[in-house]
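Visitor: Sending over a structure as structure tokens; questions will come in a sec.
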Amino acid sequence: MSLLWGRTEVTQISQLLVLKHDQKRVMVKRQRSYNLMLDSACKHFPNIPRNVVTLQTNQLDICDGHFVDITAEIWDDVIDLLTVVEVTRAEMKSPIPWPFLLPDNQPALSQVNNKISSSNDKVTIKIVSPSEQTCSIKISRSTRVDKLITDASRILSYCPTDVMAVWSGTMMGESRTIGSYNIKNGDSINLHPMMSGKKPVIYLYSPSDIDVSVKLSLIPEWTLSVIYPVVPTKDHGQDIEWNVRTHQDGSLTEHNSGLDVAYLFWEAVTNLHAFPRSLVSEPQPSDTFSPTSSSLTDTDSVAIPVDKVTVYLDKSLKALGLHTEARTSFITYWLPSIQKHEYVALRFVSQAAYERAASLSISPQPDVVTRVFMLFRGIPKEHLANWSKAQMQAERDVDWWVDVVGVDPARAGDATLFRVLEWGGMEVLV
């Protein structure tokens, strides 16, 4: 079997796979592990709880045209033979029993209540999902937090790897038990979405066609989750290298696949379970950046109503050296997340601080590198009074961000130079 990738014919497809559910198709990295493939399916189709996700195919002769379940036992035997995998929901003959997890709008079975109330080792907890769905749990204090997350996510239809447990403003360690926290009957545990660095994209512009190596190395606080073009990662998802050919029109050809692309793309998820922190901890200084403890304050940010965000961002990004397409892509990518709020605080991270968290090594060395990474968070209207300085800073000329980030817009726009431009961002969830 052969595929045509851009200008090069490739005789194997071991890097990529298409997951399909209903009308949605997603191109993902081909996982050798069945469980990792399930994780990928769960991530891209979160409406299907992981415990009922089933992978199917009809591409093999033995299937006789019918969709057939792919079991974990044969996954390794068939993975290289497939280009598309159907993601479906398994048929359940009866609900999965979990006697200690009961939706708030349903009364507990009396026999269950009688059984668990006799034990002092149990604690009743309310679980609150990111969409504010709730359910009540009466659970053993010896239960590990990761087990709690898995079971609660299953009932509330979330992927366990996409959320973290937060109690009393503190991120809970996955390996700890419920009893290791001072949790009392009636306390709430919130499932918060995992923060991630979204759509950093890297443009390369050179006056002539050249071969370029682009290496990205992340600190342990975050791990690569999505990359394109797809190439192998190293050091448990911390490092990656692309080898590309630049073209004078700004496009790139990735050597491994032959793909022609406009830019290099990566995303990363924070490793909050390995690096827990208090969600009410002291804010970071503005000249530092840590993916797991990013913050915005009244003094280092601007606070603006959502209906003024697009104009403010376009002016700021233009001052920072982003061309029209980059500005448009940046704003349209983040706008759906921003519009969920009435007001937002935002700031741009200094290049030096960002470089320490996501080191970029390019050979041959560029003449100028511009890396723009935005942090933002929603502000409830009733809390707007706490952001008086940030509201005043929003009235300043946007050129002040040039010094904060540390960019050289004039050189960034000089077409005679070998230039690198990257933009990305993160919503700080509090």
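Visitor: Could you list, in sequence order, all residues of the range 350-379 that are open to solvent by 20 Å² or more (accessible area, probe 1.4 Å) and charged (D, E, K, R)?
Guide: Glu355, Arg356, Asp367, Arg377
Visitor: Separate question: Taking Tyr333 as meeting all but one of (1) assigned to a helix (DSSP H, G or I); (2) buried (at least 17 other Cβ atoms within 10 Å of the Cβ); (3) touching a residue at least 40 places away in the same chain (Cβ under 8 Å), write down the number of the exception.
Guide: (2)
Visitor: For the range 380-390, enumerate the residues that are open to solvent by 10 Å² or more (accessible area, probe 1.4 Å), in contact (Cβ under 8 Å) with a residue 40 or more places away in the chain and under 25 Å from Pro336 (Cβ atoms).
Guide: Residues satisfying the conditions are Leu384, Trp387.
Visitor: Follow-up question, since we're still on this one. Tell me, please, whether a residue that is open to solvent by less than 30 Å² (accessible area, probe 1.4 Å) and either under 21 Å from the mean Cα position of the chain (by Cα) or modelled with pLDDT under 75 (or both) can be found in the range 239-251.
Guide: Yes: the range 239-251 contains one or more residues that are open to solvent by less than 30 Å² (accessible area, probe 1.4 Å) and either under 21 Å from the mean Cα position of the chain (by Cα) or modelled with pLDDT under 75 (or both).
Visitor: Just for the range 209-224: of the residues that are surrounded by fewer than 18 Cβ atoms within 10 Å (Cβ to Cβ) and of a type in the set (Ser, Thr, Tyr), which one is modelled with the highest pLDDT?
Guide: Among them, the one singled out is Ser213.
Visitor: Tell me the residue from Val261, Val306, Val311 that is at pLDDT 95 or above, among the aliphatic types (A, V, I, L, M) and more than 23 Å from the chain's Cα centre (by Cα), please.
Guide: Answer to the check: Val311.
Visitor: Would you tally the residues in the range 142-161 being touching a residue at least 40 places away in the same chain (Cβ under 8 Å) and not in a helix (DSSP H, G or I)?
Guide: Residues in the range 142-161 being touching a residue at least 40 places away in the same chain (Cβ under 8 Å) and not in a helix (DSSP H, G or I): 3 in total.
Visitor: Specify the residue that is modelled with the lowest pLDDT; the eligible residues are those in the range 34-72 that are within 30 Å of Ala152 (Cβ to Cβ) and part of a strand (DSSP E or B).
Guide: Val53
Visitor: Evaluate the following for Gly173: is it surrounded by fewer than 16 Cβ atoms within 10 Å (Cβ to Cβ), in a loop (DSSP other than H, G, I, E, B) and in contact (Cβ under 8 Å) with a residue 60 or more places away in the chain?
Guide: no
Visitor: Identify, please: which residue in the range 290-321 is among the polar types (S, T, N, Q) and outside any loop (DSSP other than H, G, I, E, B) and is, among those, nearest to Glu382 (Cα to Cα)?
Guide: Filtering first and then ranking leaves Thr310.
Visitor: Only one residue in Ile227, Ile189 is in contact (Cβ under 8 Å) with a residue 24 or more places away in the chain and either open to solvent by less than 10 Å² (accessible area, probe 1.4 Å) or assigned to a loop (DSSP other than H, G, I, E, B) (or both), so which one is that?
Guide: Ile189
Visitor: Here's another thing I want to ask about it. Quick one: in the range 80-94, of everything that is of a type in the set (Val, Ile, Thr), out of contact with any Lys or Arg (no Cβ under 6 Å at 6 or more places or on another chain) and not in a loop (DSSP other than H, G, I, E, B), which residue is modelled with the lowest pLDDT?
Guide: Taking the candidates together, the pick is Thr88.
Visitor: Identify the single condition in (1) within 17 Å of Glu427 (Cα to Cα); (2) free of Cβ contacts under 8 Å to residues at least 40 places away in the same chain that Leu346 does not satisfy, given that it satisfies every other one.
Guide: (2)
Visitor: Find the residue count for the range 289-330, including only residues that are open to solvent by 50 Å² or more (accessible area, probe 1.4 Å), in contact (Cβ under 8 Å) with a residue 40 or more places away in the chain and of a type in the set (Ser, Thr, Tyr).
Guide: Residues flagged as open to solvent by 50 Å² or more (accessible area, probe 1.4 Å), in contact (Cβ under 8 Å) with a residue 40 or more places away in the chain and of a type in the set (Ser, Thr, Tyr) within the range 289-330 amount to 1.
Visitor: Would it be correct to say that Asn182 is within 27 Å of Met426 (Cα to Cα) and either modelled with pLDDT of 85 or more or of a type in the set (Phe, Trp, Tyr) (or both)?
Guide: Here the answer is no, as Asn182 does not meet what is asked.
Condition check ((1) farther than 26 Å from Ser251 by Cβ; (2) touching a residue at least 24 places away in the same chain (Cβ under 8 Å); (3) not polar (S, T, N, Q)) across all residues:
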position	(1), (2), (3)
Ala353	yes, yes, yes
Arg377	yes, yes, yes
Glu395	yes, no, yes
Pro409	no, yes, yes
Phe418	no, yes, yes
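Visitor: Moving to a separate point now. When the range 116-152 is examined, which residues are found to be under 15 Å from His192 (Cα atoms), open to solvent by 60 Å² or more (accessible area, probe 1.4 Å) and at pLDDT 85 or above?
Guide: Lys126, Thr150
The values are calculated or read from the model by the stated rules, or taken from the named source; none is laboratory data. No experiment lies behind these values; they were computed from the predicted model shown. Positions of Cβ are backbone-derived with ideal geometry, glycine not excepted, and every protein chain shown enters the neighbour counts. Note: areas computed on protein heavy atoms with side chains; ligands, DNA, RNA excluded. Shrake-Rupley method; radii C 1.70, N 1.55, O 1.52, S 1.80 Å.
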